[in-house]
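Where a number appears in this text, it was derived from the coordinates with a stated rule and is not lab data. Note that this is a predicted model, so its numbers are computed, not measured. Neighbour counts are summed over all protein chains in view; Cβ atoms, including those assigned to glycine, are modelled from backbone coordinates with ideal geometry.
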Amino acid sequence: MISLVLVLVVVMSGVNSVVVLVAVGDPGVPGHITVTVDPATLFSELQQSPIPAPAVYSAEEDEPETDYEPDIIDVDNTDHLRETFHTLATLFRKNSYLIVGEKAETPDVLGAANISYALAWGGCQQNPESRTDMLLTDEEHDTGNLIVVGGPAVNELAVELGKLLRITYEYNINESFKINAESKSIYLDLEKYPAEDICIVYLREYRGRNILMVWGYGWQGTLAGSIFVANPDTWKDYEDCRMVLLRWKDLNEDGLIQESEITVEESL
């Protein structure tokens, strides 16, 4: 008699998922192994969403392990400045990289341009180098000051650094999305998307280099966050802050992201 065992293996890599069905025959009968890979049909509904179904990390859990963390080299790019929006241009004045996701939509690139303008306005003497998450070299990744534009659905670096900096999110498909960082959080009712979106703008020093993360649930939130960063007045209004959680609402229903439609709900 031949026994049959079906093994379901789900391989997660950023936003891509692969399902592997392995059928294993009786151990005594050689050659009874088949492998079927079908990612396109099994996850078609999930891929239509701006954010994949994530593993939700709790702030109380131990820091998740990452493949690259042990390779990060301690460097000193900060000149011992306190990481606040007031010092943004100085913190990223050298050895800095603006990173959008390889899978990002065009508005993320526009958002990166907004941030580059803000740094130039603030007196940054050296423009950040432009990269995608796939083109960033290991040395740049491990030693550079990093500006990450776009969220976990489209930017692998947002996934990795989010774990290190304990930026978490809770996603209920077609229902809600919530971003958590330190003691603050912001909630989005997905029935209101895309006419409403949320975003985190988070500045931190990590092992001697500076990290700025700007990402929303969808591209609307990310672009709203970059518009917020690009306004010099916000640097003054939140000069002692390193984080804001903001909301964008399409008040005039024109589908465009305008500064007057952006409000800060939490700051730190």
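Mind ordering 150-162, 177-189 by average Cβ neighbours within 10 Å, highest first? Each step should come with its number before you reach the end.
Values: 150-162: 24.9, 177-189: 18.0.
Ranking the peptides 150-162, 177-189 by packing returns 150-162, 177-189.
Which percent, nearest 5, of DSSP beta bridges in the stretch 61-267 are antiparallel? Write down the numbers at each step before the final one.
Numbers: 32 of 45 bridges.
Looking only at bridges with both residues in the stretch 61-267, the antiparallel portion is about 70 percent.
In sequence order, what are the phi-derived ³J(HN,Hα) couplings for the stretch 128-137 according to the Karplus relation 6.51 cos²θ - 1.76 cosθ + 1.60 with θ = phi - 60°, rounded to whole Hz, with x for glycine and proline?
Couplings: x, 6, 9, 9, 9, 4, 8, 8, 5, 6 Hz.
What is the set of long-range amide H partners of GLY151 at a cut-off below 5 Å, with H atoms built 1.01 Å from backbone N?
Amide H neighbours of GLY151, under 5 Å, 5+ apart: GLY216.
Can you list the residues, at least 5 places off or on another chain, whose amide H is less than 5 Å from the amide H of SER176, using H built in the peptide plane?
Long-range HN contacts for SER176: LEU190.
How many nm is it between the label spots at ASP240 and LEU165, if each spot is 7 Å from the Cα in line with the beta carbon?
Spacing of the two 7 Å Cα→Cβ label points: 2.2 nm.
Per residue of the stretch 181-194, what does 6.51 cos²θ - 1.76 cosθ + 1.60 with θ = phi - 60° give for ³J(HN,Hα)? Whole Hz please, x for Gly and Pro, Karplus curve as stated.
Result, ordered by residue: 8, 6, 9, 10, 7, 9, 10, 10, 7, 5, 5, 8, 7, x Hz.
Let me know the charge dipole size of the stretch 145-238 about its Cα centre in debye, to the nearest 20, where only the beta-carbon of Lys, Arg (+1) and Asp, Glu (-1) is charged.
About 440 debye.
Counting only residues 5 or more places away or on other chains, whose amide H sits under 5 Å from the amide H of CYS241 once H atoms are built in the peptide plane?
PHE85, HIS86
Taking the Cβ of ILE186 as the centre, find all other residues whose Cβ is under 12 Å away and add up their charges (Lys, Arg: +1; Asp, Glu: -1).
Net of charged neighbours comes to -3.
How much length, in nm to one decimal, is gained on full extension between ARG207 and GLU259, taken as 0.36 nm per residue of separation minus their Cα-Cα distance? Write out the running numbers ahead of the final one.
Working: separation 52, 0.36 × 52 = 18.72 nm, distance 3.35 nm.
Separation in residues times 0.36 nm, less the Cα-Cα distance, equals 15.4 nm.
Can you run phi through the Karplus equation (6.51, -1.76, 1.60; θ = phi - 60°) for the stretch 151-166 and list ³J(HN,Hα) in whole Hz, with x for Gly and Pro?
Running phi through 6.51 cos²θ - 1.76 cosθ + 1.60 with θ = phi - 60° gives x, x, 5, 10, 9, 4, 5, 5, 5, 5, 6, x, 5, 5, 8, 6 Hz.
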